[in-house]
Amino acid sequence: MGALFHFVLHHPESVDPELIDSIRHEIDAILGTDALAIVIVLGFLIVALPLGIAVAAIRRARHHARLRQHPDPLAPVDRP
């Protein structure tokens, strides 16, 4: 696949090294943090977002299961 776009690139890397260095410098300047802190935050987000989605899906499934047991919206719902 890289051979298809070889004529478009001005260098052998997939991204422009000067551009990526400039972007890294700007992110460091804006956030005022080092690379380790960014890696930790991104790692946390990578783990937390799927877990949050899974928890929401489980809660929604339990809620719908309770609605099937008590189809009348005015009926009392047992809460644990």
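The values are calculated or read from the model by the stated rules, or taken from the named source; none is laboratory data. Being a predicted model, the structure only gives us computed values, none of them experimental. All Cβ positions, even for glycine, are placed from backbone atoms using ideal geometry, and neighbour counts span all protein chains on display.
Only a single criterion out of (1) modelled with pLDDT of 80 or more; (2) more than 30 Å from ASP78 (Cβ to Cβ) is not satisfied by HIS10, namely (1). The listed residues are HIS25, HIS70, and the only one of them that is modelled with pLDDT under 80 and surrounded by 10 or more Cβ atoms within 10 Å (Cβ to Cβ) turns out to be HIS70.
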